[in-house]
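The values are calculated or read from the model by the stated rules, or taken from the named source; none is laboratory data. Quick caveat: nothing in here was measured; it's all calculated off a predicted structure. Virtual Cβ from ideal backbone geometry, glycine too; neighbours counted across all protein chains shown. The protein model used for the area step is the full one, side chains on, heavy atoms only, and it has no ligands, DNA or RNA in it. Shrake-Rupley method; radii C 1.70, N 1.55, O 1.52, S 1.80 Å.
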Amino acid sequence: MIMIEFPYAAVVLMIVGALGGLFLTQAIDKILMLAVLGDGLIGIIAAYQYLDVAMASSFMTFVGIIIMMIGLIRILEIKKAKGETI
Amino acid sequence: MISPTETLPWISFYLGCILLILGALGVAFGPKTAKEPIIRIINLTVPTIGIALILLSYNYTLAMLTVLSVNVMYYIITIRAIIRLEEMGALY
Amino acid sequence: MSDILNLSGSIIGRILLADIVPYLTPFSLALVITILVFTVFLTLSTPEFRAMIQFKKDVVGTSTVEKKEARFRRFMTILCGVALLGVVTTGDLFNFALFVSLVGVTNLGIFAGVKDSHVLNAAFQYGLVIMICSLPLFGGVAITLARTGTLSMGVLAVIPADPLVNISRALLIIGAIGEGALAPFFATKVEMIRAKGAPYINMMHLSSLMVFTRIIEIIFIMG
Amino acid sequence: MIGRIFNSLAKPDKVPKAFAFAIMLVLLVSLVYSYQLNPEQLYTKPAPQVQIEMAQENVDVSYNLAPYNRGGTPLDPEDRGIVKSQYETGNLGWITAYLTPFSQWLRNISYRFGTTILSHPGGILDEILYYTRGLDTILESTILFVAFTIASWVILNRTEKERKDREK
Amino acid sequence: MDPVTETIVPELVPQIFLNFYPIAIVVAIIVAVIGFSALILEKNDFQKILVIQIPILAMYFIVSAVGTDLAEALILPGIVVALAELLAVTEILIFREITKKEQKKEALEEFDFDFKPINMEVLKTAIPITCLVSVIYGAILTGFTGGAVAGAGILIYLFTGKISGIPHSFWEEMTGISGVAWCIWIIGFLLLFITPQLWLLSLFMAGAGIIVKVALKLGLLGILGREEYNV
Amino acid sequence: MPYFQFLPHIVLFIIGSLVGLEASYKWHSEPFVQRTIEPIPLAIAIIGGILINIYAPLGFLFLGFVLGMRPGYGFYESILGIVLALVLWVIL
Amino acid sequence: MIYPATNSMLYLFLEIITASLFAGLLLGLHRKVIARIQRRPGPPLIQYMLHTLKFFIKELTIPDTSSMPLYVAIALALAGAWVLAFLVGPVLLGPYIIIIMCYAVHKVSEHGIGLATGSPYAKFGSSRAVLSATSEMPLVVAPALVFVRTNSLILQDIINYQIINGSLVNQLPLAALATFILVITKTPFNPFGIVYGKDIISGFKTEHFGVIRGVLMFGETLAFFVLLWCFLVIFFGGVINTPLTILLAMIGVTFILGFICALTPMVAPYHSVMIQWIFALLAIANVLLI
């Protein structure tokens, strides 16, 4: 039986998320990759077996991404009003 | 098999270091960062998560929670500033 | 206590606040008196009327700080004085670093409300410097802690010197220089003191020099 | 040459950059040293995951407070929490490990909620933050307060000015 | 020392932290150097603020590398303070730009920027619950962490624009509450030092005071933001 | 260190120079012409030079008289007095 | 540290009077030397002192624009700081670090004195005072090196060390040079005196008359005495350690200072800062050389 140690999976998720978050050029893509990064973090915390910390941090990464989305949309609106693009 | 007392802290520590350095490089010299502050803010998340991992590997869970929640406020403050400056046309 | 004794005289008194032990020596007593006198007088003073002369035009007049602005800046001046009292009496390295950053923030506050874009620009650059300063200050303290296992100056004074502590000394000095806007990074200060409101501006100058005199004592103690 | 450097230092815009450069130099020089941690520290803590391993093995229910378990029962001078502070004071270890009834129940059912339980008043960090290094906490909070005051004052000032402009 | 006590509080710093330390310092220095070099190359003032965050992260790393409870107690408030400084500096930057604009006396055309809440399904449903959860969790965690978590909850609620136009007097009341919390906190402290027998009461006062203070301060930001846009 | 033991010297010196200044302005009210050695200051200088080795404060009074004279006058006299004082001091 | 049991107020008062009178004479001598080098007869020796005394009996006017308690208080602070420095240094042989603090207060006062008037001319002077605060650098570097040598900064200990091991000037010549530069900056008509430069009328003192000016000048006289004393005792303490030798050596150094001030031009503000920094760095290099 092939068993994947899930911390390794989390590590892979985080690296993919980090690379994507850093090197993609479209802002919305980057934010999505950050979600992947946050998921990896939660995986690692789960490996540490701190359940409450995992709950709270998953929550916080979610909030962060929402904020980022809203901010991005507003900035895009302003840019549109000015006739620029990101 | 990953030993929770030996291997796991090392994994998260090294991963945190890698994310920190990569993220710092990305924030400093990443693509399009010089033009768009919002992209720089997004990139800043990567080293912040790296720091969170490192704090986790030292077992500073409270500090890690604080970092993550302060990160949210960091977003709010900086994005608000971007919006204000962009409205004034003083961002660049 | 040997280093403290050789530097600033015998210890007159100390307050036991658990791990943080503020102490008074003749040196810090002199500093405390100076700071108290200055804070009281600077707080009581009204801002001056700045004579304005425009060259090439025959315009002569005076202008002064608005009342509301003066109130805020006076508050910051008092806070800065309190922070300085802490800087000169504290007996703990981390506490010292914190007091120094409090001095930096209050200095920033003294100039935050000035409606002059030159002054604001200098204040902004100074703000950047005090943000950078958190690295050398707290980093220096942390390296000392990691090396010696203590933060108390009373204990540090009797511990023999360690080569690695030199790094944290250098970091602490550069941190204090940045927070106090001292030479050679004093251009922001020179720009900022062009603002109106003599008592408040003078407080900034006092704070930077007091921090400087204190950091000298501390880097000697650390050896 | 030196004159040119000094002239460029005279502009406020250059100051943060010059300062950053100075710190950078110090840090690069410090790479020469080999850094070692002195193992004799205050307020030591166990290695990561050790406490959670013990909790898994169900040795003792007090290990369910991992990773912040530092022993002791509150208000009991005989059984205090273990705190290694710089100066000995009479009341060390009293604060550590206070548990409300809710937290006690939480501790009994699971070993995965240690952080939440011990960030009630009563954890080791409260001991350090509020007792042995209380002045630090006051100070940090004062810095926070001052910075917020500055920001809110600037914002209010600006808003009022804009309102006046609009009324004109 | 018996093995059980050794797992609670060891005499020396564990070996794994000793092994971490040289790597930690070197990585932190590298990161700081990267941050500083970016700062030196950067021309835009606002971008400088963002870049400075990298050395601050390096600072957290250096402090945390000590690997004791003391180190955690030292970084915990430092994180919040760095945020506060950032806020003050950002406001000064915005104020500077406004003064600059006024001094130039250039008639900038006012473009219509509609500050209406965004219609997104997830925002309508998720935001209130999110805020509620974070505020409750923040209340459970006292101290700086709790304040930060609860503050984040309040802040996001205000930022997403559910409520519009909180009157000016309301925020003054909030300042009053914040001041009261400050007083409670200080009293709790003094009580702790003077009469250690009342430690439980004083601890609750201190813990509750600081969470109320930090959370309200952070919440005020959002209100101020609404004030500013006059929505 | 007790410096006030020199207070008489200094005070008498100052008094001497004040008197010298007043006196020389009495003697020479004309514009500055030329330098000559005059008898009275010369005598005072010599007395001062001798006295300074016997009772120093008094010597300073007399030397101060010469040194404190109107600018341009009493230059050679005072040098003579000082040299005399030094020579006597070396001899005795 | 030795605090003599005979420290009555009268004793201290007499000490202050002696020092200020003597330093007044020294400054007069300094001016005379400069005049002689420039082939002028120059003023009488007591001119500087008479000048100071004159202000005490003149009418006191306070500008309408000034910032009120500050205008008076800060001048007193300057004098008070140097009185403190004099008592701690030459009289009680206490910690040298307090003298550094007094120097810092002097700098702050210079700045405040200029700003408090609200006059643009005084403001120029005070801006330059901030700029010239960099000359604190040699003052700090020198004691650092001295501390490394003697392992103490109490003046009594430094003198004792030198009596046993010989003067420090042999061991730290460049640090002595840096301190000497500092002494130069406190003399009138010095090349680094950007604060008092003639291009800005009287610098920060433009708007001060009457008693306040008198107090200021009294403070500056004491400052000259204390700094000269520190320079002599810290670096030549093996030879010069009795009151008589110190006073004689002060006269000698004043001659040298007069020569230097007469023969050097005034430097521009930023160059002044630069030169002082170079000397401070040289002093640091001294440690590496020996």
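Can you pull out the trypsin sites (Lys or Arg not before Pro) in the stretch G:5-44 whose DSSP state is coil and whose Cβ has at most 14 other Cβ atoms within 10 Å?
On the way: sites: G:R31, G:K32, G:R36, G:R39; in loops: G:R39.
Here the trypsin sites (Lys or Arg not before Pro) that fit, given the DSSP loop and packing criteria, are G:R39.
Quantify, in whole percent, the carbon and sulfur part of the accessible surface of the protein assembly as shown (1.4 Å probe; protein heavy atoms only).
Numbers: 28880 of 42020 Å².
Carbon plus sulfur share of accessible area: 69 percent.
Using amide H atoms built 1.01 Å from N in the peptide plane, name the residues 5+ places from C:L17, or on other chains, whose amide H lies under 5 Å from its own.
Residues meeting the amide H criterion: none.
How far is it, in nm, from the label point at C:K68 to the one at D:Q56 when both lie 7 Å from their Cα along the line to the Cβ?
Placing both labels 7 Å along Cα→Cβ, they lie 6.2 nm apart.
Give the E-D buried accessible area in Å², both sides summed, 1.4 Å probe, nearest 100. The partial results should precede the final answer.
Numbers: alone 16370 and 13680 Å², together 22470 Å².
Using a 1.4 Å probe, the pair buries roughly 7600 Å².
Grab the DSSP H runs of the protein assembly as shown that are 4 residues or longer, score each as -39,500 (n - 2.57), total them, divide by all residues and round the 222 nm result to the nearest 500 deg cm²/dmol.
On the way: 44 runs with 823 residues, N = 1182.
Rounded to the nearest 500, it is -23500 deg cm²/dmol.
Which ³J(HN,Hα) values in Hz, rounded to whole numbers, follow from the phi angles of the stretch D:136-150 under the Karplus curve 6.51 cos²θ - 1.76 cosθ + 1.60, where θ = phi - 60° and Gly and Pro get x?
4, 5, 4, 5, 4, 5, 5, 4, 4, 4, 5, 4, 5, 4, 4
Can you give the average number of partner chain beta-carbon atoms within 10 Å of each beta-carbon in peptide G:89-100, as a whole number?
5
Give the calculated FRET efficiency between A:E5 and A:L76 to the nearest 0.05, with a Förster radius of 60 Å applied to their Cβ-Cβ distance.
Taking R0 as 60 Å, the efficiency between A:E5 and A:L76 is 0.90.
If one takes the accessible area of chain C alone plus chain D alone and subtracts that of the pair, with a 1.4 Å probe, what total in Å², rounded to the nearest 100, results?
4500
Which value, in debye to the nearest 20, gives the size of the charge dipole of chain D about its Cα centre, when Lys and Arg are +1 and Asp and Glu are -1 at the Cβ?
Computed charge dipole of chain D: roughly 1260 debye.
What's the center-to-center distance, using Cα atoms, between the stretch A:4-49 and the stretch E:8-49 in Å?
22
Compute accessible area for the stretch G:243-265 by itself and then with all protein chains, 1.4 Å probe, and report residues whose area falls by 10 Å² or more.
G:P243, G:L244, G:I246, G:L247
As a test of the definition: with a 1.4 Å probe, what buried accessible area, both sides summed, do you compute for G against C, in Å² to the nearest 100?
So the buried area, both faces added, is about 3700 Å².
Top mean-square fluctuation among B:L65, B:L19, B:L55, Gaussian network model of chain B, C-alpha springs under 10 Å?
The residue that fluctuates most here is B:L65.
G:I154's amide H: which non-local residues (gap 5+, or another chain) put their own amide H closer than 5 Å, with H modeled 1.01 Å from N in plane and none for Pro or chain starts?
Correct list: G:Y96.
Just to be sure I understand the interface: list residues from the stretch D:12-30 that lose 40 Å² or more of accessible area between the chain on its own and the complete protein assembly, 1.4 Å probe.
When all protein chains are present, D:P12, D:D13, D:V15, D:P16, D:K17, D:F19, D:A20, D:I23, D:M24, D:V26, D:L27 each give up 40 Å² or more of accessible surface.
Given springs between every Cα pair under 10 Å in a Gaussian network model of chain G, which of G:I212, G:I98, G:I184 has the largest fluctuation?
The residue with the greatest mean-square fluctuation here is G:I98.
Hey, how much of the P(r) for the stretch E:14-104 falls beyond 14 Å, as a percent of Cα pairs?
The answer is 72 percent, as a whole percent.
When the Cα centres of the stretch C:166-222 and the stretch G:217-290 are compared, how far apart do they sit, in Å?
24
Accessible area per residue for the stretch D:1-129 in Å², computed with a 1.4 Å probe and the full protein assembly in place, what is it?
42
Starting from the Cα of D:E88, step 7 Å along the direction of its Cβ; do the same at C:L44; then give the gap between the two resulting points in nm.
Computed distance between label sites D:E88 and C:L44 equals 4.8 nm.
How do the peptides G:48-60, D:122-134 rank, highest first, by the average count of neighbouring beta carbon atoms within 10 Å per residue?
Ranked by mean Cβ neighbours within 10 Å, highest first: D:122-134, G:48-60.
D:Y33 to D:W105: extension gain in nm, 0.36 nm per residue of separation minus the Cα-Cα distance?
Full extension from D:Y33 to D:W105 adds 20.9 nm.
Looking at chain C as a GNM with Cα springs under 10 Å, which of C:N121, C:N107, C:N95 has the largest mean-square fluctuation?
Fluctuation is largest for C:N121.
Would you mind getting the accessible area per residue of the stretch C:2-221, heavy atoms of the protein chains only, 1.4 Å probe, in Å²?
That works out to 28 Å² per residue.
In whole Hz, with x marking every Gly and Pro, tabulate ³J(HN,Hα) for the stretch D:11-23 from phi via Karplus 6.51 cos²θ - 1.76 cosθ + 1.60, θ = phi - 60°.
8, x, 5, 7, 4, x, 5, 4, 5, 4, 5, 4, 5
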